[in-house]
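The values are calculated or read from the model by the stated rules, or taken from the named source; none is laboratory data. Worth saying up front: this structure is predicted, and the values here are computed from it rather than measured. A quick note on method: Cβ atoms are made from the backbone with ideal geometry, for glycine too, and the neighbour counts reach across all protein chains shown.
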Amino acid sequence: MQKKQESVVTRFAPSPTGVLHVGSARTALFNFLFARKHGGKFILRMEDTDKKRSKREYDDDILEGLSWLGIAYDTLYRQSERGNIYKKHLEKLVANGYAYISKEESKEEGKRSEVVRFKNPNRKVAFKDIVRGDIEFDTTELGNFVIAKDMETPLYHLAVVVDDLDMGVTHVIRGEDGISNTPRQILIQEALGAPRPLYAHIPLILAPDRSKLSKRHGAVSVVEFREKGYLPEALVNFLALIGWNPGDEREIFTIDELIKEFSLENVQKGGGVFNVGKLDWVNKEHIKKLSADKLKKNIIKHLPDNIKKLDGYNERTMEKIIPIIVEHINRFGEVEEMAERGELGYFFERPEYEKEKIAWKEDSLSDAKRHINKIVGLLQNIEPFTIETVKDAIWDYATEQGRGSVLWPMRYALSGRSKSPDPFTLSAALGKKESIERLEAASRALN
Ligand code: GLU
């Protein structure tokens, strides 16, 4: 008969000694997805016992990053607040002969003259890793390792084991760099009479050159990706796909869909590559799913102030150019780049014209003027004024006169730029009145 599975408890246990790295965020995500999928509990545990290197600002950054990604924990612990619990277990280990206080020669004068060492039973430790299969270590070479600096100051391995026991952790899902820590932790567990959690060591995230992903490869912190204008649901989706797949070809998931699909059995052994091009694609897919309102909010958030301050700036025109913007971006930070390249400002302020640029190729300035005046006439009576109706009104004339000869001056008059979207799209975005006024201004410039 199958034993009923006890309720799942997972934990993400970052050390707040740096900002939230995307690799850590993915570890958090896998723990979160697994707990949610099984109706279990997901714990966030700040491993902040290293007083020198742990900083409140990093603790804040981790909380902020997880919250932005939508990775919600059920309970938050900080190891720095749990000294008594570690002490109690340390005392028990010493009392039962599993650990001993060792007087040591201090390397530095007056320092660390006493440590607590674990009495290593010197034997083989085997465990079954859900991702990597059977793993066996001979612990002999580890010697009688140190588990606390003194009775008040536990070190990493002891704190992890005591916490996992005390918090009822059933599944330890962590980066594969945690594998070599596991035998020591299992020895301590056994000495404490603690149940052994199941282990799943997930592959590292690699840079495209298959080295360990680090700062020199570009952005690595979650907050940096927020600033670049990636959507949190897209970053979550992308991170889930590094080292995991649903077992078929699907790639675009909401976080709720990931909860449904996730399984540790589908996590692969080999390292997964962090490919920014793929992230951009995933992000674009999620942009396409946004409601009009969310799309607008995200774009406006990334629109530089100098654009918002232009006299002609208004939300109506802004709404009309959203499809133009979306076509050109994969992430919202690119809105700033478009603005810097001058691709947005002209929608909200009248362009200046360079006379010679108004006419198409070999056409004369008077040809250009004639076409522009004709276009003004054709636009007068269009109702409603949309991309299609403008195109319908101009197309036959342009075909008859030569498309370049008509459409180039029209487009240049509307944008003042050699490169811009097509003149129908521009007209519809600017509206009838503004389009006609710009065309008339260009016509005057040709006098
Ligand atoms: N605090 C450890 C780290 O940041 C992780 C501990 C664990 O997951 O067991 O690397």
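Can you find even one residue in region 1-14 that is surrounded by fewer than 18 Cβ atoms within 10 Å (Cβ to Cβ), free of Cβ contacts under 8 Å to residues at least 12 places away in the same chain, in a helix (DSSP H, G or I) and more than 16 Å from the ligand (Cβ to nearest atom)?
no
Give just the number: which of (1) at pLDDT 95 or above; (2) buried (at least 19 other Cβ atoms within 10 Å of the Cβ) does Glu81 not satisfy?
Just one mismatch for Glu81, condition (2).
Failed condition for Asp396, given (1) of a type outside the set (Lys, Arg); (2) farther than 17 Å from Ala429 by Cα; (3) buried (at least 20 other Cβ atoms within 10 Å of the Cβ), with all others met?
(3)
Can you tell which of Ile300, Ile186 is within 30 Å of Gly143 (Cβ to Cβ), of a type in the set (A, V, I, L, M, F, W, C) and in a helix (DSSP H, G or I)?
Testing whether each residue is within 30 Å of Gly143 (Cβ to Cβ), of a type in the set (A, V, I, L, M, F, W, C) and in a helix (DSSP H, G or I) leaves just Ile186.
Residues that are buried (at least 19 other Cβ atoms within 10 Å of the Cβ), in contact (Cβ under 8 Å) with a residue 12 or more places away in the chain and of a type in the set (Lys, Arg): does region 153-176 have at least one?
So far as region 153-176 goes, yes, one or more of its residues are buried (at least 19 other Cβ atoms within 10 Å of the Cβ), in contact (Cβ under 8 Å) with a residue 12 or more places away in the chain and of a type in the set (Lys, Arg).
Please find, among Val116, Val146, Val169, Val94, the residue that is touching a helix residue (DSSP H, G or I) at 6+ places or on another chain (Cβ under 7 Å) and modelled with pLDDT of 95 or more.
The conditions single out Val116.
Which ones in region 29-42 are within 13 Å of the ligand (Cβ to nearest atom) and touching a Gly at 6+ places or on another chain (Cβ under 9 Å)?
Of everything in region 29-42, just one residue is within 13 Å of the ligand (Cβ to nearest atom) and touching a Gly at 6+ places or on another chain (Cβ under 9 Å), namely Phe30.
Tell me, please, whether a residue that is out of contact with any helix residue (DSSP H, G or I) (no Cβ under 9 Å at 6 or more places or on another chain), of a type outside the set (D, E, K, R), more than 14 Å from the ligand (Cβ to nearest atom) and under 24 Å from Gly18 (Cα atoms) can be found in region 186-206.
Yes - at least one qualifying residue is present in region 186-206.
Within region 245-266, can you find the residues that are touching a helix residue (DSSP H, G or I) at 6+ places or on another chain (Cβ under 7 Å), over 23 Å from Phe332 (Cβ atoms) and not in a helix (DSSP H, G or I)?
Asn245, Pro246, Gly247, Phe262, listed by residue number.
Let me spell it out: the conditions are (1) touching a Ser or Thr at 6+ places or on another chain (Cβ under 6 Å); (2) without any contact (Cβ under 8 Å) to a residue 60 or more places away in the chain; (3) not β-branched (Val, Ile, Thr), and Gln79 meets all of them except one. Which number is the exception?
The one condition Gln79 does not meet is (2).
Could you please let me know if Ser67 is hydroxyl-bearing (Ser, Thr, Tyr), within 16 Å of the ligand (Cβ to nearest atom), closer than 24 Å to Val222 by Cβ and at pLDDT 95 or above?
No: the conditions fail for Ser67.
Could you please give the count of residues in region 189-217 that are under 23 Å from Phe145 (Cα atoms) and part of a loop (DSSP other than H, G, I, E, B)?
The qualifying residues number 5.
Quick one: would you say Thr17 is within 13 Å of the ligand (Cβ to nearest atom), modelled with pLDDT under 95, more than 22 Å from Gly272 (Cβ to Cβ) and of a type outside the set (D, E, K, R)?
Against the criterion (within 13 Å of the ligand (Cβ to nearest atom), modelled with pLDDT under 95, more than 22 Å from Gly272 (Cβ to Cβ) and of a type outside the set (D, E, K, R)), Thr17 does not qualify.
Name every residue in region 114-138 that is assigned to a loop (DSSP other than H, G, I, E, B) and farther than 30 Å from Ile101 by Cα, in order of residue number.
Answer for region 114-138, where residues must be assigned to a loop (DSSP other than H, G, I, E, B) and farther than 30 Å from Ile101 by Cα: Ile130, Val131, Arg132.
Suppose we filter Thr49, Thr27 for residues that are surrounded by 15 or more Cβ atoms within 10 Å (Cβ to Cβ), closer than 25 Å to His171 by Cβ and modelled with pLDDT under 95; which single one remains?
Exactly one of Thr49, Thr27 is surrounded by 15 or more Cβ atoms within 10 Å (Cβ to Cβ), closer than 25 Å to His171 by Cβ and modelled with pLDDT under 95, namely Thr49.
If a residue must be of a type in the set (Val, Ile, Thr) and on the phi > 0 side of the Ramachandran plot, how many such residues does region 130-150 contain?
Selection size over region 130-150: 0.
Would you be able to tell me the number of residues in region 319-344 that are within 24 Å of Lys432 (Cβ to Cβ) and in contact with a Phe, Trp or Tyr (Cβ under 8 Å, 6 or more places away or on another chain)?
Of the residues in that region, 1 qualify.
Could you give me the residue pairs with C-beta distances under 9 Å whose first residue belongs to region 43-56 and is in contact (Cβ under 8 Å) with a residue 24 or more places away in the chain and part of a loop (DSSP other than H, G, I, E, B), whose second residue is β-branched (Val, Ile, Thr) and more than 10 Å from the ligand (Cβ to nearest atom) wherever it lies, and which are 6+ apart or on separate chains?
What qualifies is Thr49/Thr153.
Looking at region 105-113, can you tell me whether even one residue there is outside any loop (DSSP other than H, G, I, E, B) and at negative phi?
No, region 105-113 contains no residue that is outside any loop (DSSP other than H, G, I, E, B) and at negative phi.
Quick one: how many residues across region 164-185 are near the ligand (Cβ under 9 Å from one of its atoms) and of a type in the set (Asp, Glu)?
2
Just a yes or no: is a residue in region 79-96 within 16 Å of the ligand (Cβ to nearest atom), among the charged types (D, E, K, R), within 21 Å of Ile259 (Cβ to Cβ) and assigned to a helix (DSSP H, G or I)?
no
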